[in-house]
1. Please identify the pairs in which a residue from the stretch 1-29 that is among the polar types (S, T, N, Q) has its Cβ atom under 6 Å from the Cβ atom of a residue that is at pLDDT 85 or above and open to solvent by less than 70 Å² (accessible area, probe 1.4 Å), counting only partners at least 6 apart or on another chain.
2. For the stretch 172-182, state whether one or more residues are open to solvent by 60 Å² or more (accessible area, probe 1.4 Å) and in contact with an Asp or Glu (Cβ under 8 Å, 6 or more places away or on another chain).
3. Check off (1) surrounded by fewer than 16 Cβ atoms within 10 Å (Cβ to Cβ); (2) not in a loop (DSSP other than H, G, I, E, B) for Ala46 and give me the number that stays unchecked.
4. Name the residue, out of Thr170, Thr186, Thr132, that is hydroxyl-bearing (Ser, Thr, Tyr), at pLDDT 95 or above and closer than 20 Å to Ile113 by Cα.
5. Any idea which residue in the stretch 342-356 is least open to solvent (accessible area, probe 1.4 Å), counting only those that are over 21 Å from Glu389 (Cα atoms) and not polar (S, T, N, Q)?
6. Which members of the stretch 188-216 meet the condition of being small (Gly, Ala, Ser) and under 22 Å from Tyr17 (Cβ atoms)?
7. For the stretch 77-103, which residues satisfy the criterion of being under 15 Å from Thr38 (Cβ atoms) and either part of a loop (DSSP other than H, G, I, E, B) or of a type in the set (D, E, K, R) (or both)?
8. Among the listed residues Lys192, Lys185, which satisfies the condition of being more than 29 Å from the chain's Cα centre (by Cα) and of a type in the set (Lys, Arg)?
Amino acid sequence: MWQTLVYPLAALDLLEYQGKQLFAGHDVPVPEGRVADTVEAAVEAAEEIGYPCVIKAQVLIGGRGKAGGIKVVEDKAEAKDAANAILGMDIRGPHGEGPFTVHQVWVERASEIEAEYYASIILDRSAKKLLTMVSTMGGMNVEEIAETDPDALVRRHVEPSEGFGEAQATALVSAAGIPDEASEKTAEMMVKLFTAFNESDASLIEVNPLVLTKSGDIIALDSKVTIDNSALFRHEDLAGLEEGFIEDEQERMAKEKGLTYVKLDGDIGILGNGAGLCMSTLDVVAQAGGAPANFLDAGGGSKAEAIIDALEVITSDEKVVAILFNIFGGITRCDEIAKGIIEASQKIEIGVPLVVRLDGTNSEEGLGLLADADLPNLHVEKTMLGAAEKVVELAKAEG
């Protein structure tokens, strides 16, 4: 059965310390901390903050604690040992993502925790509204909460006509069962998080855990923040952060070449022109029984040079065993696409079968160029489904 898949769009994910710096700028209470990229700087930060403190790996993945990337230290010697152990370590996500190498640590004052809660705000694209969520089951990820005790995760959409203020936050916190001694400050925190969400053009803010301290304060002990890339022109302070976040070799290469690329887990390379066509292609490949290795949008006016760049990126991924070109010519001319494929085959070692579907502007000319070139291991299909089925067949044969 064909089930439409959801693929990530361009977004800027912040490291924990960057999210907390954003929070602090919107009066969201966070523990005192310092960022460090050397052992010496981490020890110096620990000495300034005081003991006990926590040294935390800064990587864009969950499960840092279980991987040994979060350590509580009681003195200078422990701080040095912890920083030595964490900096440079590779951390894999709970589902095998990564590895992500630790280049920075966040040294933070230890908190005396009385209780842990969960809080988040997310853009719910299906409802076309913002969705707020609160739970008393902090420390678990949202999927675990929903599975373990669905009623413990309280969800409320924000009505655009009402906004999200004290009344809405109080109702949300009350429905979640936050105890009386923490309810008022938790509601205040949610309002501040909502303000930070809107003013930073975020698509996700998650705090897990949001903690009640023994002194009765509510603080954000962690942060997960995603910013809409399309809004970075309004946030010069955030736009400069983007370059350092690209861990993946193919994603870094694509960015340097000005291509829209998202790496996925499969073995079939995908190249299309236009985000809508690319996502449709991913779905049809999945329908045909294949697993896409990437989302690569060469753009609406793709020229031959862009196709060469795109093939360099896709073929640099060792997992790719076959590539599908799905091009609908509007502004894009199919003869330019064909020229790009031919030139790329002369400049780089592609090494895997190509399936090409060209339709629209100058498609006959493009198909003629490919026929005359007679490239080895190139297959032309007339329909998107036919192309998807062929590339899946070839991928299975190669695998």
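1. Hits for this filter: Thr4/Asp283.
2. Start the filter on the stretch 172-182 by keeping residues that are open to solvent by 60 Å² or more (accessible area, probe 1.4 Å), which leaves 174, 180-181.
Subset that is in contact with an Asp or Glu (Cβ under 8 Å, 6 or more places away or on another chain): none.
Looking through the stretch 172-182, none of the residues is open to solvent by 60 Å² or more (accessible area, probe 1.4 Å) and in contact with an Asp or Glu (Cβ under 8 Å, 6 or more places away or on another chain).
3. Among (1) surrounded by fewer than 16 Cβ atoms within 10 Å (Cβ to Cβ); (2) not in a loop (DSSP other than H, G, I, E, B), the lone unmet condition for Ala46 is (1).
4. Numbers: Thr170 fails: closer than 20 Å to Ile113 by Cα; Thr132 fails: closer than 20 Å to Ile113 by Cα.
The match here is Thr186.
5. Going through the stretch 342-356, the residues over 21 Å from Glu389 (Cα atoms) turn out to be 342-349.
Right, trim to not polar (S, T, N, Q) and you get 342-344, 347-349.
Numbers: Ile342: 30, Glu343: 67, Ala344: 0, Lys347: 133, Ile348: 36, Glu349: 159 Å².
Selected residue: Ala344.
6. Step one: of the stretch 188-216, the residues small (Gly, Ala, Ser) are 196, 200, 202-203, 215-216.
Across the stretch 188-216, the qualifying residues are Ala196, Ser200, Ala202, Ser203.
7. Residues of the stretch 77-103 under 15 Å from Thr38 (Cβ atoms): 79-89, 101-103.
Passing the criteria: Lys80, Asp81, Leu87, Gly88, Met89, Val102, His103.
8. Numbers: Lys192 fails: more than 29 Å from the chain's Cα centre (by Cα).
Just one listed residue meets the conditions, Lys185.
The values are calculated or read from the model by the stated rules, or taken from the named source; none is laboratory data. These numbers come from a predicted model, not from an experiment. So basically every Cβ, Gly included, is an ideal-geometry build from the backbone, and we count neighbours across all protein chains shown. Keep in mind that these areas ignore ligands, DNA and RNA; they rest on the heavy atoms of the full protein, side chains included. Shrake-Rupley method; radii C 1.70, N 1.55, O 1.52, S 1.80 Å.
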